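Student: To start, I am sharing the structure in question, which I have written as structure tokens.
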Amino acid sequence: MMAERHAAPAAQPTATGDLIFMGPPGVGKGTQAKRLAERNGWVQLSTGDLFRDHLKRSTPLGVLAQRYMDRGEYVPDDVTIDMVREFIDALPKGTRVMFDGFPRTVAQAEALEALLAQRGRSIGRVLLLDVPRDELVRRILARSRSEGRADDTPEVIARRFDVYAEQTQPVVEHYEQVGRVRRVDGLGDVDVVTDRLIEAAS
Ligand code: AMP
């Protein structure tokens, strides 16, 4: 406690600025992100949703993204970063963004930092939704049966966990080192988890 109180101001998570919402595959991030954004009036930027939307419309970006999504791999950084840049540039003034599923690589995190700084924006809190791995696998398989997502087969699920550990865990560690992360227990009733997230974001 004492150490926290004496930490440098730069290391304190702040309640202003854009938010980043992170968590491993199957943690319930999509559901919670929508609820959080609605309740707080934030704009949600889900890169997964944007890719799926492009895919539905069969745009060149959608066709490219599908190759990676179907294998549980990440879409290349340059493509993903370009898409996020366009989204940020189309935002009305005064909006607070919640990045959902972005950044997922160190290169994306660095690009985001620069993009925001160039536009007079900054990252406030990083919310990390936490659930034990066996519960995650159980949830993904249940979702796969009900929604029929193409990237929810056992092989693809395993790959998504590996990719998260290899590429996204270092991003979490980076934000932890700079004192931005708030971990939120993702186990339990959906409404209870939403309340925990709202508390952690404020
Ligand atoms: P999601 O709905 O967030 O789980 O994203 C579904 C898929 O979209 C991921 O498995 C990736 O193939 C792709 N994707 C979403 N966000 C990113 C990102 N930030 N970087 C690279 N690929 C992404």
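Student: What translational diffusion coefficient, to the nearest whole µm²/s, does the range 38-78 have by Stokes-Einstein, given a Kirkwood radius computed over alpha-carbon pairs, a temperature of 25 °C and 0.890 mPa s viscosity? All intermediate terms of the calculation are to be shown ahead of the outcome.
Tutor: On the way: Rh = 11.1 Å.
Once the numbers are plugged in, D ends up at 221 µm²/s.
Student: While we're looking at this one, here's another question. How much of the DSSP beta bridge set in the chain is antiparallel, as a percent to the nearest 5?
Tutor: Details: 0 of 16 bridges.
So the antiparallel bridges in the chain amount to around 0 percent.
Student: Give, rounded to the nearest 20 debye, the magnitude of the charge dipole that the range 95-150 has about its Cα centre when Lys and Arg contribute +1 at Cβ and Asp and Glu contribute -1 at Cβ. List each step's numbers first, then the result.
Tutor: Values: 11 positive and 7 negative charges, 41 e Å.
Using only the charged Cβ atoms, the result is roughly 200 debye.
Student: Would you be so kind as to identify which of PHE161, VAL190, LEU136 lies farthest towards the positive end of the dipole of the range 111-193, taking Lys and Arg as +1 and Asp and Glu as -1 on Cβ and the Cα centre as origin?
Tutor: VAL190
Student: Sum -39500 (n - 2.57) across every DSSP H segment of at least 4 residues in the chain, then divide by the residue count to get the 222 nm mean residue ellipticity, nearest 500. The partial results should precede the final answer.
Tutor: Working: 10 runs with 108 residues, N = 202.
-16000 deg cm²/dmol, from helical runs alone.
Student: If one computes P(r) from the Cα atoms of the chain, what percent of pairs lie at distances over 26 Å? Could you put the intermediate results ahead of the total?
Tutor: Working: 6606 of 20301 pairs.
Of all Cα-Cα pairs in the chain, 33 percent lie more than 26 Å apart.
Student: Run the quick spin-label model on LYS34 and LEU91: label points 7 Å from Cα toward the beta carbon, then report their separation in nm to one decimal.
Tutor: 2.2 nm
Student: A further question follows. Need the list of lysines near LYS93 for cross-linking: C-alpha distance under 27 angstrom, and skip anything on the same chain fewer than eight residues off.
Tutor: Cross-link targets: LYS29, LYS34.
Student: Now for a separate question. With viscosity set to 0.692 mPa s at 37 °C, what whole-number translational diffusion coefficient in µm²/s follows for the range 107-202 from Stokes-Einstein and a Kirkwood radius over Cα pairs?
Tutor: Details: Rh = 15.6 Å.
Taking Rh from Cα pairs, D becomes 211 µm²/s.
Student: Another question about this same structure. Compute the distribution of all C-alpha to C-alpha distances in the range 51-170, in bins of 10 Å from 0, and list the percent of pairs in each, rounded to whole numbers.
Tutor: Binned Cα distances yield the sequence 11, 37, 36, 15, 1.
Student: Rounding to the nearest 20 debye, state how big the charge dipole of the chain is about its Cα centre with +1 on each Lys and Arg Cβ and -1 on each Asp and Glu Cβ. Each step should come with its number before you reach the end.
Tutor: On the way: 29 positive and 31 negative charges, 88 e Å.
Taking the Cα centre of the chain as origin, the dipole is about 420 debye.
Student: Of ALA201, VAL79, PRO103, which is farthest along the charge dipole of the chain in the positive direction, counting Lys and Arg as +1 and Asp and Glu as -1 at C-beta?
Tutor: ALA201
All of the numbers you see were taken from the coordinates with simple rules; none came from a lab. Keep in mind it's a predicted model, so treat the numbers as computed, not measured. Backbone-built Cβ (ideal geometry, glycine too); neighbour counts: all protein chains shown.
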